[in-house]
Amino acid sequence: MLKTEKQGVNVPDRYNGDLLDAVYSFNMDYLILNLSGKPFTGIRDGLKIEAADYGTKVYQHRAELTYLDEVFGSIVYSPRSSVINENLVQMQIENHLFYTLTPDELREQVKTVIDILGLEFEGINRMDLALDFSGNHHDVPSMLRNIFNGECLISGREKDFNVYTKTRKGQVRYTGMQLGKRSSSRFCRIYNKTLQMEKEALKPYIKDVWDKIGLDGEIWRFEYQLSNKFLTEMEGLTIDNIFDRQYLFGLFQAARSNHFELRENTGKTEVNKEKEYRFIDFSVVKKSISIFSGIVGKLARTIKETFIGQQRMIKGLLRSYFSRNHDIRFLLPIRRILDDFDLWEWYNTKFSQYVAEFRQRELIKIISLNQYEMDFQLEC
């Protein structure tokens, strides 16, 4: 292995900087709770529950939640299938709250909203945990090269492994990787968050966290998407501790265990007996995340208004596309807006609702979903 000189000491070529100076941001980034009961609509105790005109493919009803005059999240309820418990309610928490509130504040708000709705906590449908770090301390492209040239190995069972690249000045540049499948119990992604944030100008609260704790340079994100199947096997999972940063870090470590653990390749017959290839020292991470709370203040109203404006524009373009006999010119700008404002998940939820509305309320006679699929894929 090649060696480089750093302050008079020989270190491996994969050395990732002075780890004593490393800074990390660790946050929950996505959360859908499984609840039980029959929610109401209207306004009660500072909570506004506004029912949408249409539900989703799985649920008959959907409602937006606003708590203390701030967007809080959404709920879906009344399953269409008899296979699903009729009392199941799923609540998704708004992304910005993970960064603008302390874990204790968010815990109390979630518990209060659930109580006002008259629902009971049953478990978690999905949780995403994200560890952000600087490329100055951990060189992801170098790690990926070492995986591909066989210098380091991925322990555990066989699983899908994919990388993402783009060209820069004619050279191929690594932008990320993913391990496993989205449909599996745990799904890992490591990607260039700075690059992605260039398309997410309306998520300044994440950048504010980085600035607050001194996380600079090109920022990468190490993320685990955890499903209900994985989480139900974890001990101590309650509505109280899912907002405890140390408990969440334990979940992150449990997800990583025997899934994305790297080993040096010295030719041993069993991968797990090889020496650890330490890309990140998680003992250092644990100390770092106990210091920083990640609170940065409230989300600016202008940001919310801009989101709403883009969503209305997409709906208008989609309406014009169908009403003008599938005129593809109205479809062209939609994909760009979805990319620029990171609205894909919102769009996938709303699309069927909008189509139903165009048919029933606006009486658009010819709506061909097959034609739409062909036209939309043409722009992919």
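The values are calculated or read from the model by the stated rules, or taken from the named source; none is laboratory data. Please read these numbers as outputs of a predicted model, since none were measured by experiment. Here the Cβ positions follow ideal geometry from the backbone for every residue, glycine too, while neighbour counts run over all protein chains shown. Note: areas computed on protein heavy atoms with side chains; ligands, DNA, RNA excluded. Shrake-Rupley method; radii C 1.70, N 1.55, O 1.52, S 1.80 Å.
Taking only protein heavy atoms and a 1.4 Å probe, the accessible area of the chain is 47% carbon and sulfur. Evaluating 6.51 cos²θ - 1.76 cosθ + 1.60 at θ = phi - 60° for every residue in region 252-266, the Karplus couplings come out as 4, 5, 5, 5, 6, 4, 6, 10, 10, 10, 9, 10, 6, 9, 10 Hz, glycine and proline recorded as x.
Ordering of 33-46, 346-359, 250-263 by packing is 250-263, 346-359, 33-46, highest average first (other Cβ atoms within 10 Å, averaged per residue).
For the peptides 227-238, 317-328, the ranking by mean Cβ contacts within 10 Å, running from highest to lowest, is 317-328, 227-238.
In percent, what relative contact order does region 309-380 have, based on Cα pairs under 8 Å that are 6 or more apart in sequence?
35 percent
Taking the Cα centre of the chain as origin and assigning +1 to Lys and Arg Cβ atoms and -1 to Asp and Glu Cβ atoms, the resulting dipole is close to 1060 debye. Taken along the Cα-to-beta-carbon direction at a fixed 7 Å, the label points for Gln171 and Asp340 span 3.1 nm.
Comparing Phe351, Ile337, Phe322 along the charge dipole axis of the chain, the residue lying farthest to the positive side is Phe322, per the Cβ-charge model. Based on protein heavy atoms only, region 145-292 ends up with 54 Å² per residue of surface accessible to a 1.4 Å probe. In a DSSP loop and with at most 11 other Cβ atoms within 10 Å, the GluC sites (Glu not before Pro) in region 27-91 are Glu86. Here's the picture: charge each Lys and Arg Cβ at +1 and each Asp and Glu Cβ at -1 in region 49-161, and of Gly73, Tyr99, Gly123 the one pushed furthest to the positive end of that dipole is Gly123. Rounded, prolate or oblate, given the Cα gyration tensor of region 324-369, with a/c below 1.5 counting as rounded? Oblate, because a/c is 1.5 or more while a/b does not exceed b/c.
Within region 84-180, the proportion of Cα pairs with more than 19 Å between them is 65 percent.
The relative contact order of the chain comes to 18 percent, based on Cα pairs under 8 Å that sit 6 or more residues apart.
Under the 0.36 nm per residue contour assumption, what length would be gained going from the current alpha-carbon distance of Gln377 and Leu317 to full extension? Numbers along the way, then the final one.
On the way: separation 60, 0.36 × 60 = 21.60 nm, distance 1.66 nm.
Taking Gln377 through Leu317 to full extension adds about 19.9 nm, to one decimal.
Arranged from highest to lowest average of other beta-carbon atoms within 10 Å per residue, in what order do the peptides 71-84, 126-139 appear? Could the numbers behind the result be given before it?
Working: 71-84: 16.6, 126-139: 20.4.
The peptides rank, most packed first, as 126-139, 71-84.
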